[in-house]
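Q: Dropping a structure here in structure tokens format, bear with me for questions.
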Amino acid sequence: MEIGLLLLFLVNLIVLFLVEGKLLSILEGIFLAALGYIIFGAFIKEVNNKFKLLEEFTSKWRQGQYSKVSYYNDKELGKIVDNVNHLIEQLENCKRAINEGEKRLTAILAGIKAGVMVLDRDGRVILVNKGLENLFGKLNFTGEPKPLLEVIRNYELEKFLKEALANLKEMTREIEFLLPNSKTILIHVTPLKDEHDQKVGLVAVFDDITEERKLEKMRSEFIANVSHELRTPLTSIKGFLETLLDGALEDKTIAKHFLQIMNSETERLTRLIDDLLSLSKIEAKKVDFAPKPLMLQELIQKMKLLFKSRLEEKELSFIISLPENLPLVLADGDMISQVLINLIDNAIKYTPAGGKIEVTAAVKGSWVEVVVKDTGIGIPEESQKRIFERFYRVDKARSRELGGTGLGLAIVKHIIELHNGKVWVKSKVGEGSAFGFTIPIAQTVQKEE
């Protein structure tokens, strides 16, 4: 444009000089001046068109629509257009790299099972992953920065993250969340840094360790229970031994009585250790499990002979009610024998003299359901949910008195689950209990295979 104005000025100056020097007539001067204006107008129009083109493209860039500018070998605008095109190419590359980075980040976050939350320097949530929603349910977060309490309403978490933001260092803490189901969450916080290695926020990773803590608690309780169960008979045996050594050995009547008690406690220890070993093998799946077609009728009839003397001793009636066409079941005979022995043994222990024990079986779809029912003392409703736990006893003193280890029903539960069956209990205090379990019918399992 400056060149055009200079050209127009020079033309007008030359025309003026020629007219004043009478080298050109006034008419010729006007003609030359008009010609200069025409040339300048054409030049200005061409320049305006090119600037209009640039304006059109820059307007599109503002809207996020990037495309290179075309020009026709224009020396004045050529360098500008080259620089603009180079800038567009760089912008496109940056945009592509950002999009690819976002996709990778989204894929990585989606693949992380643990919950992930990113907070800015002001403590606002700026990013969460699917794992966090799986942990806490639907979150009040759509992508816009939000205060933490609007996303997860937990003041202990807010206090911890505020502390982490103030220190901007790695921190770890366990927090109990009272969700629909209580959960123990391990939260590990790491400072978030920018490209200049400046700390600009936090990345918090949430791990659900509820089951781990439950297992640790169970293990701790198990060790405590085993220690107690072992200590009780050992203390008794030690006490009687010390008494015998102190002189009671000379009295044969007393000595015999003490030795009988010690023998009883030794048998109790043996039963406890045997049950512990059995339960340990079943839980670790190191037991020899060999299911094959089995006739329950024969197995149940053997139970009547096995417990005959104890039934007669307490004057208990033992009834077996089985359908004639009871199908074969696919089961490990030794394991199912152990289940029946444990259930019938408990029924005899907790049924008063003159009571009744009944064993029934019935087909339930592709399963056979076996029930051992008694008219014993019954089990309180609050204890029925825990009755299959290791070492759980409704009446601890009475259970030990009757020789129970507290592991029999836990063994029953694990054996039936090994057969993919279910075990249950129904009971009412003062009326008796019914323990049932299911095992698969042999033909059904063979057809499925």
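The values are calculated or read from the model by the stated rules, or taken from the named source; none is laboratory data. Note that the structure is a prediction, hence the values are computed from the model and not measured. Note: ideal-geometry Cβ built from the backbone for every residue, glycine included; neighbour counts use all protein chains shown.
Q: Inside region 348-383, can you point out the residues that are under 12 Å from L311 (Cα atoms), outside any strand (DSSP E or B) and touching a Phe, Trp or Tyr at 6+ places or on another chain (Cβ under 8 Å)?
A: I348, the sole residue that qualifies.
Q: Identify, by number, the condition in (1) part of a loop (DSSP other than H, G, I, E, B); (2) in contact with a Lys or Arg (Cβ under 8 Å, 6 or more places away or on another chain) that I319 doesn't meet.
A: Condition (1) is where I319 drops out.
Listed here are the residues, each with its yes/no results for (1) modelled with pLDDT under 70; (2) in a loop (DSSP other than H, G, I, E, B); (3) in the same structural domain as F160 (by TED's automatic domain parsing).
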site: G29; (1), (2), (3): yes, no, no
site: E55; (1), (2), (3): no, no, no
site: V69; (1), (2), (3): yes, yes, no
site: K138; (1), (2), (3): no, yes, yes
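Q: I'd like to check which strands (runs of 3 or more DSSP E) are fully inside region 167-235 and have at least 3 residues that are more than 28 Å from S280 (Cβ to Cβ) and without any contact (Cβ under 8 Å) to a residue 40 or more places away in the chain.
A: 171-178, 182-193
Q: Taking region 119-164 on its own, how many of its residues are more than 22 Å from L178 (Cα to Cα) and under 20 Å from the mean Cα position of the chain (by Cα)?
A: Number of matching residues: 0.
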